[in-house]
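Contents: one structure, followed by commentary.
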Amino acid sequence: MSAPSKTDRMKAPGSIAMVSGRLQPDAKYKIIVENLSFSYGDVQALFDISMKIRQNRVTALIGPSGCGKSTFLRTLNRMNETIPGTSMSGAVRLDSRDIYRDFDDPSVIRTRVGMVFQKSNPFPKSLFDNIAYGLRVNGIKDKQLIAQVVEHSLKQAALWDEVKDNLDNSAFMLSGGQQQRLCIARALAIQPEVILMDEPASALDPISTAKIEDLIGELRKQYTIVIVTHNMQQAARVSDHTGFFYEGRLIEYGPTKQIFTRPAKKKTEDYVTGRFG
Amino acid sequence: MERLIFKPKSRWREFTGEKLISITAFVALIAILLIFVFVFKEAIPIFTNSYVQEEASLDKMVFKQQFYEGRDSKWSWQPNSEVPKFSLLPLFIGTLKAALVAMLFAIPLGVGAAIFSSEFASRRIREIIKPAIETLAAIPSVVLGFFALMVLATVLQNALGLTFRLNAFNAGIALGLAVIPIVFTVAEDAMTSVPRSLRDAATALGANPWQVSMTTVFPAAIPGISAGVVLGFGRAVGETMIVLMASGNAAIISASILDSTRTFSATIAAELAEVVFGDTHYHVLFMIGSLLFVFTFLINLGGDIVLTRLKERLAGKTI
């Protein structure tokens, strides 16, 4: 645990140097997106996006509302397919296999690429059953194993100490920040390789947000994380790489430090300096 | 620019408008109270009038009675016999039998159709199924009763080789047809109003569409589905015309659903028109009416309490 350094980072928003200081440019690519376009019916939301996402790194997607960053995130685990009337072209490769063409069953992809949503969405079940849900629907029945995974996931999500005596309570008894960490634990329980986070802290108070960001720094060691955020300080704090989306296009993508200090495109500079957004 | 001059709002119009609106709300409440008061008033002699009590006191309606010397005591409803017999037990059992058959028939079909319509049907099929089932509710119950009396009874008798053409089974199925739309509509509504975020959560954890429906949406909708079942049961107990026409109306005590049966509601409908005004029989029929009133009220109240508890549990207020 390198908790102190992370906590320092939390206290000094904008200290980008420390984040980029950890960058190892040689990390391999986990997800490769090639010429991805996506439409809701007649409305095109994404235009020809190509992007390589590195393993064990945090990649932040920023941009103004409606720029397509959340849509893009949902194409990475085929959640976009649950919306009728959508269409896409291009390819998304996970470890070089095309997730759209090499897998018939999208649920297999979703067990490898987990997701945390903007608004915490626990099931109306007990804490235990919330975490165990992903295991049970994927065919794991061994009660001892499930109990082990539940404990482990809650510890990973830094929630165990707060809830260990009340695992039978309804998930709705938790605070908003705890619910979101429960949702993270639930996503971790099925042992994904990639975790997609869609503005995971946008509905939370600063302290809960700090806890989530701490958690992201911790999870980065084991998982590849892609996070959509509205909050540029957050992107600067937690991410290694940042992609800037505007009107359905990926305008600029690079190391977070570079995006925030020496952006190559005028549009990026205007956005990160707060001239629009 | 011209100065704006605001007119003071009319206090008078506001006052009358508000009162008129509140009156509409109280009309329904007052109507219910008046109906109950009137029905119950006519039942009061059973508790007060000694002449009425001689034939039909509360214990005579509930417990076994010996009507003839040397014969076994029994429960019997024969209000027009030389020795009038007013035991309510045969009617109570008859009511429950028909209602239970109806529910056994309507719950799986209504809930099943609701699951299909909200979870698996394509939009086009849903747009055919929903109005079709809701049309069932619009069929007058006399038509359903007529169908059960003329068609269904014959079909069932031939298919199952029944002794009695009109029986609790036959009436229960026709009654079920009237209950299905209630169960369906409420249950379907409950399932479609489960928030999309819950479906997304389950899908993102690798659940396939069947699992999303059965392990997430259905459990989350159970309070609403039980509300539909409770409302449906209330209808099954109170429904009159179908059972009057299709049940055979024999006031007997029997465990078999293939025997002819008589319900509370059908008893009132069949006998009230010919009863002597002010007679014991007359008061007993109003007693039955009061019972039905209280019965359905309690069913709905009980259902409501269960629902509130379930909702609270789902919202995490109680464990």
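Numbers at a glance
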{"quantity": "Sole exception among (1) touching a strand residue (DSSP E or B) at 6+ places or on another chain (Cβ under 7 Å); (2) within 10 Å of another protein chain (Cβ to nearest Cβ) for residue B:209, by number", "calculated": "(1)"}
{"quantity": "Near pairs, Cβ below 7 angstrom, 6+ apart or cross-chain, from the stretch A:66-84 (away from every other protein chain (no Cβ under 14 Å)) to any residue that is open to solvent by 10 Å² or more (accessible area, probe 1.4 Å) and among the charged types (D, E, K, R)", "calculated": "A:67/A:247"}
{"quantity": "Sole residue being closer than 30 Å to residue B:232 by Cα and among the hydroxyl-bearing types (Ser, Thr, Tyr), chosen from B:117, B:73, B:57", "calculated": "B:117"}
{"quantity": "Residue match in the stretch A:109-122 (condition: within 12 Å of chain B (Cβ to nearest Cβ), in contact with a helix residue (DSSP H, G or I) (Cβ under 6 Å, 6 or more places away or on another chain), within 30 Å of residue B:121 (Cβ to Cβ) and in a helix (DSSP H, G or I))", "calculated": "yes"}
{"quantity": "2 or more residues of a type in the set (Phe, Trp, Tyr): qualifying strands (runs of 3 or more DSSP E) within the stretch A:184-275", "calculated": "A:241-246"}
{"quantity": "Hey, residue B:55 assigned to a helix (DSSP H, G or I), modelled with pLDDT under 90 and under 17 Å from residue B:281 (Cβ atoms) or not", "calculated": "yes"}
{"quantity": "Residues of the stretch A:162-171 classified as within 11 Å of chain B (Cβ to nearest Cβ) and either outside any helix (DSSP H, G or I) or crowded, with 18+ Cβ neighbours inside 10 Å (or both), total", "calculated": "4"}
{"quantity": "Selection count where residues are open to solvent by 70 Å² or more (accessible area, probe 1.4 Å) and either facing another protein chain (nearest Cβ under 10 Å) or touching a strand residue (DSSP E or B) at 6+ places or on another chain (Cβ under 9 Å) (or both), scope the stretch A:128-161", "calculated": "1"}
{"quantity": "Residue tally, condition open to solvent by 30 Å² or more (accessible area, probe 1.4 Å) and modelled with pLDDT under 90, over the stretch B:220-229", "calculated": "2"}
{"quantity": "Matching option when the condition is among the hydroxyl-bearing types (Ser, Thr, Tyr) and open to solvent by less than 20 Å² (accessible area, probe 1.4 Å), among B:73, B:81, B:50, B:87", "calculated": "B:87"}
{"quantity": "Subset tally (residues that are part of a helix (DSSP H, G or I) and over 24 Å from the mean Cα position of the chain (by Cα)) for the stretch A:124-145", "calculated": "3"}
{"quantity": "Selection status of residue B:105, under 16 Å from residue B:235 (Cβ atoms) and open to solvent by 20 Å² or more (accessible area, probe 1.4 Å)", "calculated": "yes"}
{"quantity": "The lone exception for residue B:201 - which of (1) open to solvent by less than 50 Å² (accessible area, probe 1.4 Å); (2) away from chain A (no Cβ under 14 Å); (3) of a type outside the set (Phe, Trp, Tyr) it fails", "calculated": "(2)"}
{"quantity": "Among the candidates B:127, B:119, residue that is free of Cβ contacts under 8 Å to residues at least 60 places away in the same chain and either in the same structural domain as residue B:193 (by TED's automatic domain parsing) or in contact with a Gly (Cβ under 9 Å, 6 or more places away or on another chain) (or both)", "calculated": "B:127"}
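The values are calculated or read from the model by the stated rules, or taken from the named source; none is laboratory data. In this text the structure is predicted, and so the values were computed from the model without any measurement. Please note: Cβ atoms are built from the backbone with ideal geometry, for glycine as well, and neighbour counts cover all protein chains shown. These accessible areas exclude ligands, DNA and RNA; they are computed on the full protein's heavy atoms, side chains included. Shrake-Rupley method; radii C 1.70, N 1.55, O 1.52, S 1.80 Å.
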